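Working notes, structure below.
The values are calculated or read from the model by the stated rules, or taken from the named source; none is laboratory data. Predicted model, so just to flag it, every value in this text is computed and none were measured. Glycine also receives a Cβ, built like all others from the backbone with ideal geometry; neighbour counts cover every protein chain displayed.
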C-alpha cells in the first residue's frame, strides 16, 4: 500500500472526487486530513472511511484565502507532518460570456485559483524546509482547452497550470513534486453546483456529467498517478482527450471540433 502512513490533506473532501479519494486512501492506511466548508458532510465521509483514528477534520473555505495560513498550521499540527496536499477544491460554471456577471468571474477565480494558490503557499515553506512533499491539483481537461459555457472556469484552471508548472520548475532541487490531474466528465454534483451567469447554482445534472466516469474509478486512477509522481495526467473519455491533442497539434481542426462537442 503506497500511501500507508502517509499524511495526506484532501480539500473539498465532503463529496464527489474528494470523498472517493478519502475512502480509497483510508483503505490504504493513509493518515488523512479532510477539509471543506461543510463540517457535517465531512463527518459523514469520515464515518464511511476505514481506520477512523487516522482521520482529522479541518473545516475551511477556499474563498477565505487570506486566512488559509492558519488552516495550514492546524493541518501540520494534526499529525506533526504533511506528505501530500491534494488541492481538490473548485466550482464550475454554466453560462455564456455575454451573460456572465463580472462578480461571477471573480468568485470562480477566488475559489478555484486564489484559494488553491494561497493554501499551497502556506504549505510550501514546510515542504522546502524538509526537502520533500507533493502538491496534487485537480484541474480539468478544460484547463487545457476552453469550451463553450466555461469561460471563467477554463480561465481559472488554465491559471492553475501556469502557476504549478512554475512552482515545479522552481522547486525541483527541493525534491518537491507537482502532479496536475485533469478530469473529464465525472459523475458528481459539479454541474448541479455550477454557477450560472448571475451567480446562482444551475441546480441540475448535465447529461454529459451524468454519463461520466464514477468518482470511485476516477479516484483509483488518480491515486495511481500520484503514486507514480506523474507531472500531468488526463483521466477522461476519448472525446475529451481527443480535444487536448487536437488543440496541441491541429488547432484549426480543434476550433471546429469544440464548437460541435456536447459540453452539457
- Output the residues belonging to the stretch 7-37 that are surrounded by fewer than 20 Cβ atoms within 10 Å (Cβ to Cβ) and over 24 Å from residue 213 (Cβ atoms). 29, 37
- Any residue at all in the stretch 4-26 that is part of a loop (DSSP other than H, G, I, E, B), over 27 Å from residue 229 (Cβ atoms) and in contact with a strand residue (DSSP E or B) (Cβ under 7 Å, 6 or more places away or on another chain)? no
- Message: Looking only at the stretch 242-257, how many residues end up being closer than 30 Å to residue 21 by Cβ and loosely packed, with under 12 Cβ neighbours inside 10 Å?
- Response: 1
- Message: If residue 140 satisfies all but one of (1) at pLDDT 95 or above; (2) in contact with a helix residue (DSSP H, G or I) (Cβ under 6 Å, 6 or more places away or on another chain); (3) farther than 27 Å from residue 241 by Cα, what's the number of the condition it fails?
- Response: (3)
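Per-residue answers, yes or no, for (1) in a helix (DSSP H, G or I); (2) free of Cβ contacts under 8 Å to residues at least 24 places away in the same chain; (3) surrounded by fewer than 18 Cβ atoms within 10 Å (Cβ to Cβ):
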{"site": "197", "(1), (2), (3)": "no, no, yes"}
{"site": "209", "(1), (2), (3)": "yes, no, no"}
{"site": "226", "(1), (2), (3)": "yes, no, no"}
{"site": "240", "(1), (2), (3)": "yes, no, no"}
{"site": "259", "(1), (2), (3)": "yes, no, yes"}
{"site": "263", "(1), (2), (3)": "no, no, yes"}
- Message: residue 233 - would you say it is under 30 Å from residue 24 (Cα atoms), free of Cβ contacts under 8 Å to residues at least 60 places away in the same chain and not in a loop (DSSP other than H, G, I, E, B)?
- Response: yes
- Query: Just a yes or no: is a residue in the stretch 170-188 outside any helix (DSSP H, G or I), surrounded by 22 or more Cβ atoms within 10 Å (Cβ to Cβ), out of contact with any strand residue (DSSP E or B) (no Cβ under 7 Å at 6 or more places or on another chain) and touching a residue at least 60 places away in the same chain (Cβ under 8 Å)?
  - Reply: yes
